[in-house]
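What follows is one structure encoded as structure tokens, with my remarks underneath.
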There are 2 protein chains.
Amino acid sequence: MSSVSDLVNHQVRLAARPVGLPGPEAWEHTTEPVADPADGQFIVRISHISLDPAMRGWMNAGRSYVPPVEIGAVMRAFAAGEVIVSAHPGFAVGDHVTGTFGAQEYAVSDGAGVQKVDPSAVPMPTYLALLGMTGMTAYFGLFDVGALKEGETVVVSAAAGAVGSVVGQLAKIKGCRVVGIAGGPEKCAWLVEELGFDVAVDYRSDDVKKALRAAAPDGVDVYFDNVGGEILDIALTRLRHGARVPICGAISTYNATGPQPGPSNYMSLLVNRARTEGFLVFDYVDRFPEAAAEMAGWLREGKLQSREDVVPGTVADFPDTLLRLFRGENTGKLVLELTG
Amino acid sequence: MSSVSDLVNHQVRLAARPVGLPGPEAWEHTTEPVADPADGQFIVRISHISLDPAMRGWMNAGRSYVPPVEIGAVMRAFAAGEVIVSAHPGFAVGDHVTGTFGAQEYAVSDGAGVQKVDPSAVPMPTYLALLGMTGMTAYFGLFDVGALKEGETVVVSAAAGAVGSVVGQLAKIKGCRVVGIAGGPEKCAWLVEELGFDVAVDYRSDDVKKALRAAAPDGVDVYFDNVGGEILDIALTRLRHGARVPICGAISTYNATGPQPGPSNYMSLLVNRARTEGFLVFDYVDRFPEAAAEMAGWLREGKLQSREDVVPGTVADFPDTLLRLFRGENTGKLVLELTG
């Protein structure tokens, strides 16, 4: 191959902290030459960039579970790609890898947090989805935080999204009754017909409160919350005794420009001896291999499907692709594939 | 003694479901003769009636952890008294007992849920306080739901109330840093000077957010919530990683006449991998003897104080005494002593 110094790295950087939905003014498109790796480093050519609701939080200033993306920095993003140059003893040219490589075409890495993956076993996007952070989030959120037991009733919001669609399938594997809440008839049909959910509630057209009561007349043991807002508040009214509510996200509020109301029905926790619990998948990193092996097994056996919503484009399409998440346009895991 | 049929039982019954604070229109004062006990029953002359924030919830219609008090029924209340007539093999005249005897002077009981107590060991009101539901609520809420560990930082609201004052003392026994939130300088002084709390925050005059930051600069491991509302919302901003928030009550909202806002900072649970969990002390009934024995030991050793705010009066004073709770006038456990 030619020298990396011939390569130009197109990048998307954070230009300003957005108020509300991140429009074009939030971003800066930059290019820089790709440098030779220093000793102990390697260069990855990125093929797939993961789009995640959490990105919106990373764009805000202030204390959180990770530092915010600095103004002027390349936007933080999980990504997958191939090693094209290496001065690192553990990574060779041609290795396929995933890591927090950022919204750019080429990343320099010292290997920290980088996983080698095998594209002959499953497609690369699946390593960002079912076998990546997405799948780990579903797995540990449902089984550990949610403490799921066989035969329980599970409700998941953003059910046709990356995490939600895995949560529901995992609960079905455990013999649970599964109700998904999603937006639109196509997503709802997919949940029931393809993924085997027992019921899908369309929050855009159904009366969610009534629909949940009908779908889970005896109440809900686990409500896996990806959306926050009004749907969380409704779900709280349907909890059974001892219910668990893993708080995975609150996509309905991430682009709000003012303080958001909290769940006014939280006293249902007291009446029903129930709990809400936040979690971060990074806390389970020691157990990722075990979980990924189990999930890969279910994938091979056909018990689990990984659906990726792969958008072809260039790094410059990253900002618009991100907005698809917040408009609820994706089904399954949203991934930007760098094709050009 | 004379026949029980000579005795008149003064009672307070629920006349109407209150909107907001329960005023006189919520109550009906009735009298009826005391009947001879049927086989397997006994009659208790009530000496002390417990006043509890939960009573406000029992007055509302609708599904909850216990059925509502029916209109026309004697108001549900924990109480203590003495057996004066018995046709029950397990209870003898002169036995001192506690139970859900109601807001009245005499109760007929079949012994269900009744505890025998020894007034020569500790005063009767203490059996409704530290050694009753109040103490059990503090004990299991802090140690089980709160999963308290030695040396942690604990914040408790309504800290000068019945449950809160026990929670803080229990946390001190476990070597924790304890911050109490209470209303007014006298209560705050009592918490620090008498009960050994490290800091007391006066929510009526302090900026609670600033005061909490100063009192617990490294954050809060357990926030024991008795009040809900704004103080819960502030406390959520101060959680440490892995924090626990037992939801014991929400007295700030019990008399609200419209929907109450929920805790808008609940997403702190996610960022901090924290949990909120509701609980009901009745779920721990099998372990009451063990907990009561431990608490009684600490009481004897002087490690724990039981403070009862004993109001002398008649059953007719029950409605006004209850209002003291919601005005925050009590320090320690509010008890109506029937002196008339």
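Here are the numbers for the structure shown:
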item: Helices (runs of 4 or more DSSP H) wholly inside the range A:238-340 that include at least 2 residues being of a type outside the set (D, E, K, R) and farther than 22 Å from A:Lys174 by Cβ; result: A:268-271, A:318-326
item: Index of the failed condition, A:Ala38 passing every other in (1) exposed (fewer than 12 other Cβ atoms within 10 Å of the Cβ); (2) touching a residue at least 24 places away in the same chain (Cβ under 8 Å); (3) under 20 Å from A:Thr321 (Cβ atoms); result: (3)
item: The one condition in (1) in contact with a Pro (Cβ under 8 Å, 6 or more places away or on another chain); (2) of a type outside the set (D, E, K, R); (3) more than 14 Å from chain B (Cβ to nearest Cβ); (4) outside any strand (DSSP E or B) that A:Ala80 fails to fulfil; result: (4)
item: Selection within the range B:189-212 - without any contact (Cβ under 8 Å) to a residue 24 or more places away in the chain and either more than 15 Å from B:Val156 (Cβ to Cβ) or among the hydrophobic types (A, V, I, L, M, F, W, C) (or both); result: B:Ala189, B:Val192, B:Glu193, B:Val199, B:Val201, B:Arg204, B:Ser205, B:Asp206, B:Asp207, B:Lys210, B:Ala211
item: Subset of the range A:162-177 (residues that are among the β-branched types (Val, Ile, Thr) and in contact with a Ser or Thr (Cβ under 8 Å, 6 or more places away or on another chain)); result: A:Val163, A:Val166
item: Only listed residue being surrounded by 13 or more Cβ atoms within 10 Å (Cβ to Cβ) and either out of contact with any Cys (no Cβ under 9 Å at 6 or more places or on another chain) or part of a strand (DSSP E or B) (or both), chosen from A:Gly94, A:Gly62, A:Gly90, A:Gly113; result: A:Gly113
item: Per-region count, the range A:227-237, residues assigned to a loop (DSSP other than H, G, I, E, B) and either β-branched (Val, Ile, Thr) or surrounded by fewer than 22 Cβ atoms within 10 Å (Cβ to Cβ) (or both); result: 2
item: Where a residue in the range A:127-156 is over 21 Å from B:Leu269 (Cα atoms) and its partner, wherever it lies, is among the hydroxyl-bearing types (Ser, Thr, Tyr), with Cβ under 6 Å and at least six apart; result: A:Tyr127/A:Thr98; A:Leu128/A:Ser50; A:Ala129/A:Ser306; A:Leu130/A:Ser306
item: Residue within the range B:143-161 that is under 26 Å from B:Leu325 (Cβ atoms) and touching a Ser or Thr at 6+ places or on another chain (Cβ under 7 Å) present; result: yes
item: Residue in the range A:287-309 that is among the hydroxyl-bearing types (Ser, Thr, Tyr), buried (at least 17 other Cβ atoms within 10 Å of the Cβ), closer than 26 Å to A:Gly132 by Cβ and within 14 Å of chain B (Cβ to nearest Cβ) present; result: no
item: Single residue of B:Asn265, B:Asn255, B:Asn272 found to be of a type outside the set (Lys, Arg), facing chain A (nearest Cβ under 10 Å) and surrounded by fewer than 21 Cβ atoms within 10 Å (Cβ to Cβ); result: B:Asn265
item: Pairs, first within 19 Å of A:Arg204 (Cα to Cα) and among the β-branched types (Val, Ile, Thr) in the range A:227-243, second modelled with pLDDT of 95 or more and assigned to a loop (DSSP other than H, G, I, E, B), C-beta under 8 Å, six or more apart; result: A:Val227/A:Ala158; A:Ile231/A:Tyr203
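The values are calculated or read from the model by the stated rules, or taken from the named source; none is laboratory data. Everything numeric here is computed off the predicted structure, so don't read it as measured data. Heads up, the Cβs are rebuilt from the backbone with ideal geometry, glycines too, and the neighbour counts pull from every protein chain shown.
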